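The values are calculated or read from the model by the stated rules, or taken from the named source; none is laboratory data. Just so it is clear, the model here is predicted, and its values are computed rather than measured. Using ideal geometry, Cβ is built from the backbone for each residue, glycine included, and neighbour counts are taken over all protein chains shown.
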Amino acid sequence: MIAGRGASSLVAGLKLGWARLLGRRLAAIVVLSLAVTLVSALIERRTASFGAADRALGVVTRWVIPLASFALTTVVFDRERLRDSVWSLARFGLHRGRLALGLELVAVAAACLLAVLCVEVALVTCYGARSGLGRDAWVSGWIAALGASAYIAWYSLAACVLRAGRGRWLPLVCDFVFGSGTGGLAVIWPRAHLRNLIGDEPVLGLSQGSSSVVLAATAIVLLALASLRSGD
Amino acid sequence: MSLQLGAGMNAVLGLPEDGTLTLVDILGGAVRPSSGAVRIAGLDPWRSPRLRARMGMLTAHPVLPALGTVDALLGSVCAARGTSPEHVLDALGLQTLGLRPVAALSEREARAVELALALGLSEPRLIVAFEPLSELALVDPAAVAAELRTRARGGACVVAITSSTDDAAALAEHVHVLRQGRVVSSSPVAQSPLRARHEVVVWVDGTAGPGARALGMALSAQPSLGSVTWQAAAAPGEPELVAVRAADLEQAALVVSSECARLGAVVLSLQSLVPPLDQVLRELAARMGRPT
């Protein structure tokens, strides 16, 4: 019975997240993200076709993915602290933690899809008729998905503090400020590892494989912590 | 604040500024008390989903998740509670709302659905209802009162939180008066300040039979009644009023009824008046010997 209620709580959380996500706000986030991606890719290609794809990917990973993920958590968490965000269902006896996990998973799925879509648009725009798009599209796709998952995980955990989920601003700002470096302060922020994965300077000299592991671990651990912190 | 509630119909009487809204949130588990603890059947509603699954809540502002239609919401909620969603709406005559999207419900309709969900529990431990007889669409208050009484008789602790002395008197067996965050009085309703006035009021049609004066004179001669006052019609055709004070309201009502029948008075209404909240608070302050 307890396991059944836990599963039904997770399913209810997924449904709640999906219901909140569908609507004009999602359309606005998608259109804006794609517009920024497309315009930046066109500018980079026009400036110099050599390295245009890398520079366009830089814009997507540095700006579009963090900000779009932030906006998606705003919608899915309904501008509330994560724990309060699930109260409308938890009050009927559903597990707060599982409901929160359901919301987080919806946000992760939406952010991953949008991130993949944006990097593919950037690559297709920059590559044009040139060859090599296939492999680059595959690798960049999973890098974008990994980065988006890590960002959602950070925002989910931060949504457990401060009123109305305003804690999410902390990782957004810290990622911009500290994640841009290559020292020890940058190692926990997704920006630093995404930069490494798309071929820029690594953080603390980590390999690309290590950065992938850090991003995946960040996503799993922080999502679990956010769910636990929001639990009963 | 210290408050112990048992099975049966309880009313917490107070204004929102006295803490009634906070009390609803704390009892429901939405808010953790800043100090102290809430225990319902030994469990903390803030921490126990198992307990919340057996609690019904009617809040001041309905909090219903927009999960499609009302029927879809009932499905999710009842799956979590392990109950059947059938007949949840029917009990209050709300079946027409089943296909409506939750997001499209008015506040009164959403409150009615929330009440149906609160009453839809098969074996509730606690039902907390904020102003259960007002601000509800499509629901007969008498049906709500009857349903709440049925749950109370079934062993649930029903708590009606209200600022209406009429509603508290109509619903509750025990009345707890909340003032500035403190429970200043807890007593059975018959001994509460709600019955302090001990007054029966009868409205008669003076044009169709004996008027208030004739009835008042006749009642004044009755030794079991206290003071009797009457008031003529404010305008031609309007009802006339006789107010009778007595220690035993039921006995007084019987005497008034028989006198009306003997005289042939046309009675439009006969009721015992419940004093308003401010008068209840004054009465309490007088009992405790301090100003309000």
The conditions are (1) in contact with a helix residue (DSSP H, G or I) (Cβ under 8 Å, 6 or more places away or on another chain); (2) small (Gly, Ala, Ser); (3) surrounded by fewer than 19 Cβ atoms within 10 Å (Cβ to Cβ), and A:SER69 fails exactly one of them. Which is it?
(3)
For A:ARG81, work out the one condition from (1) free of Cβ contacts under 8 Å to residues at least 12 places away in the same chain; (2) within 14 Å of chain B (Cβ to nearest Cβ) it doesn't fulfil.
(1)
Collect the residues in the range B:16-30 that are in a helix (DSSP H, G or I) and within 8 Å of another protein chain (Cβ to nearest Cβ), keeping them in residue-number order.
B:GLY28
Quick one: B:LEU67 ticks every box in (1) surrounded by fewer than 22 Cβ atoms within 10 Å (Cβ to Cβ); (2) within 14 Å of chain A (Cβ to nearest Cβ) except a single one, so which number is it?
(1)
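Take the conditions closer than 24 Å to B:THR22 by Cβ, among the aliphatic types (A, V, I, L, M) and modelled with pLDDT under 90 and apply them to B:VAL184. Does it pass? Lay out the reasoning, then the answer.
Numbers: closer than 24 Å to B:THR22 by Cβ: yes; among the aliphatic types (A, V, I, L, M): yes; modelled with pLDDT under 90: yes.
Yes, satisfied.
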Give me a count of the residues in the range A:44-78 that are modelled with pLDDT of 95 or more and within 12 Å of chain B (Cβ to nearest Cβ).
0
Which numbered condition B:ASP90 fails, given (1) crowded, with 16+ Cβ neighbours inside 10 Å; (2) under 19 Å from B:ASP140 (Cα atoms); (3) acidic (Asp, Glu):
(1)
B:VAL12 passes all but one of (1) touching a residue at least 60 places away in the same chain (Cβ under 8 Å); (2) of a type outside the set (D, E, K, R); (3) on the phi > 0 side of the Ramachandran plot; which number fails?
(3)
In the range B:158-187, what residues are surrounded by fewer than 22 Cβ atoms within 10 Å (Cβ to Cβ), under 14 Å from the mean Cα position of the chain (by Cα) and under 21 Å from B:ILE40 (Cα atoms)?
B:GLU173, B:HIS174
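For the range B:47-57, which positions are of a type outside the set (S, T, N, Q) and either over 26 Å from the mean Cα position of the chain (by Cα) or in a strand (DSSP E or B) (or both)?
We begin by selecting, within the range B:47-57, every residue of a type outside the set (S, T, N, Q); these are B:47, B:49-57.
The answer is B:ARG47, B:PRO49, B:ARG50, B:MET55, B:GLY56, B:MET57.
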Going by what's in this entry, would B:PRO33 be described as within 14 Å of another protein chain (Cβ to nearest Cβ) and part of a loop (DSSP other than H, G, I, E, B)?
no
Specify which of the listed residues (A:SER40, A:SER9, A:SER33) is crowded, with 17+ Cβ neighbours inside 10 Å, within 13 Å of chain B (Cβ to nearest Cβ) and part of a helix (DSSP H, G or I).
A:SER9
Of (1) outside any loop (DSSP other than H, G, I, E, B); (2) more than 10 Å from every other protein chain (Cβ to nearest Cβ); (3) not basic (Lys, Arg), B:ALA60 satisfies every one except (1)
Output the number of the condition that B:VAL38 fails; it satisfies all remaining conditions of (1) among the β-branched types (Val, Ile, Thr); (2) more than 19 Å from the chain's Cα centre (by Cα); (3) assigned to a helix (DSSP H, G or I); (4) more than 13 Å from chain A (Cβ to nearest Cβ).
(3)
Go through the range B:234-292 and give me each residue that's within 11 Å of B:VAL201 (Cβ to Cβ) and among the small types (Gly, Ala, Ser).
B:ALA243, B:ALA252, B:ALA253, B:SER269, B:SER272
